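Notes to accompany the following structure.
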Amino acid sequence: MKKNFFVLASLILVSVLLFSCVARNGSRDESASQESVPDTDPYADQVPSGLNYDGYEYIIAFPQPADGAMDYQVFDDGNVISKIDQAVYTRNRNIENRFGIKISGFVKGFSDTQVTELIPLCASGSDEFSIGMLAFTFSGIPWITSGYAEDWNKVRYVDTDRIYWSQSMSDNVSIKGHSFIIQGKINWTSAMSTQVCFFNTNVAEDYGIENLYFDVDNGTWTFAKLKALAKGISEDLNNDSVYDENDRYGIIQSFYGGAYNWSIAADYTTVLSDSDGLTLNYDTVKFNNILEYCYDLLYNDHTAYVEKFDYPSESKGVRIFFDDRALFMFTDLGHGDFFRGEQSDYGIIPTPKYDEQQKKYCTTNDQWGLSCIISATARDKDRIGAITEALCALSGKLVYPVYYEEVLSERNTRDEESKKMLDLIFSNIVYDVGITLAYKDYYIPLYKLLDPKSPSTNLSSWLGKYSTKIQTQFDDLFRYVDENYGG
């Protein structure tokens, strides 16, 4: 949760898909406002043509560190480094030409202080920022209860039903039908923080493990299948009676993001949301089973090497994996950008399903994928809505494919199979309001209980310590929205 977003800073990706957009000039009139782009392309936005905003500066507010957020979205001098930079640069210039605007950005606060830093700007009533890119887990609730959060459903031109917006974020994290934070292809860095399973093909061959892609396709890639494959591989190679970075493991588990992803993978919702409120959903047989499974997999029999790190270059687990001393590695997709020089081949598959009855593979990304917010005090929300919608759509058409469609061939994996796996993984990225708006990382049960410093299966103890505080937090949130925004 607290990992530095700078881990993404060395991104070097593959060829950019060029896209040109005819500049829309002239003043806005009623006839132009009625003209929509024909919906023949799922990534063609329906923002009217002919909108011109006369040099308006569209300003995006980011959390620190700047080089891990703003520098991935704002390039104003053409001095770009990678192909993904080129895609973002081209996107921005197209949008600027289309609407007659300038795109810029600034940084305020960290993931847990971002809202505090933005509130004075909202209170001033000025247009000091158009939208914010919010680190949602630590700042989601503070933003919604700040008094300045605007419901995106009320912003003209923004259509969160379109393919380039996350339906799960819009639906699952809305409160009484109000969407205060949304995520889409404009937040293209969310792809990098998406949790996946890397497998070492050399180790798989050594242990006679055949086509894992087939297991995924066949629906048999489950918790039980993973456990059966991972158990028994670990070995104290130097016979010093201590399992550390010098030994062999079935699993490498990157703790940040990956810990709470196991409940998401099991298609389990930790906090239920409906029109009557937000209710904790921890004390169930299934959640206990998930917790016990994770504890056994990660902390029994030396099956897993679990670690926390801020930079992949600091990861001992990565070194173990590429020394062919681990079969699986659960971490975020963005770490693959640091693996390109490694000799060992690997593949990418989803985190397994809970069981074969589960219909879909599920995963999520952490708060450094960021989300979009707009202030209720912003001037001309229609203008902001039009630009934001167009940016999100063009990100889906121009920026996202550079990362999403071609990245695997650049990483020396089995191109067609891995591409197919990415299609599957990205088709079902899920947000659980209990995690997305947790506010504190120890309010996430698997994060707290699976902490490598003191792992435990004592769910009742955790509930006794935190459940009242968490329920009160969500009750207060729901009450605030009900009283200030209505139903």
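The values are calculated or read from the model by the stated rules, or taken from the named source; none is laboratory data. Here the structure is a predicted model, which is why all the values come from computation and not from measurement. Cβ coordinates were reconstructed from backbone atoms using ideal geometry, including for glycine residues, and neighbour counts include every protein chain displayed.
Sort through LYS316, LYS308, LYS353 and tell me the only one that's buried (at least 24 other Cβ atoms within 10 Å of the Cβ) and basic (Lys, Arg).
Sole residue among the options that is buried (at least 24 other Cβ atoms within 10 Å of the Cβ) and basic (Lys, Arg): LYS353.
Name the residue, out of LYS453, LYS465, that is within 25 Å of TRP368 (Cα to Cα), free of Cβ contacts under 8 Å to residues at least 60 places away in the same chain and either basic (Lys, Arg) or not in a loop (DSSP other than H, G, I, E, B) (or both). Quick ask: steps written out before the conclusion?
On the way: LYS465 fails: within 25 Å of TRP368 (Cα to Cα).
So the residue among LYS453, LYS465 that is within 25 Å of TRP368 (Cα to Cα), free of Cβ contacts under 8 Å to residues at least 60 places away in the same chain and either basic (Lys, Arg) or not in a loop (DSSP other than H, G, I, E, B) (or both) is LYS453.
Answer yes or no: is there a residue in segment 152-171 that is buried (at least 18 other Cβ atoms within 10 Å of the Cβ), in the same structural domain as ASP475 (by TED's automatic domain parsing) and not in a helix (DSSP H, G or I).
No; the residues of segment 152-171 include none that is buried (at least 18 other Cβ atoms within 10 Å of the Cβ), in the same structural domain as ASP475 (by TED's automatic domain parsing) and not in a helix (DSSP H, G or I).
Select, from PHE136, PHE110, PHE180, PHE106, the only residue that is surrounded by fewer than 24 Cβ atoms within 10 Å (Cβ to Cβ), among the aromatic types (Phe, Trp, Tyr) and within 21 Å of the chain's Cα centre (by Cα).
Only one candidate passes the filter, namely PHE110.
Go through (1) of a type in the set (S, T, N, Q); (2) at pLDDT below 95; (3) surrounded by 19 or more Cβ atoms within 10 Å (Cβ to Cβ) one by one and return the number of the condition SER174 breaks.
(2)
Residue check: is GLN86 polar (S, T, N, Q), assigned to a helix (DSSP H, G or I) and modelled with pLDDT of 50 or more?
Yes; evaluated as a whole, the condition is true for this residue.
Give the residue, chosen from PHE110, PHE138, that is touching a helix residue (DSSP H, G or I) at 6+ places or on another chain (Cβ under 9 Å) and not in a loop (DSSP other than H, G, I, E, B).
Answer to the check: PHE138.
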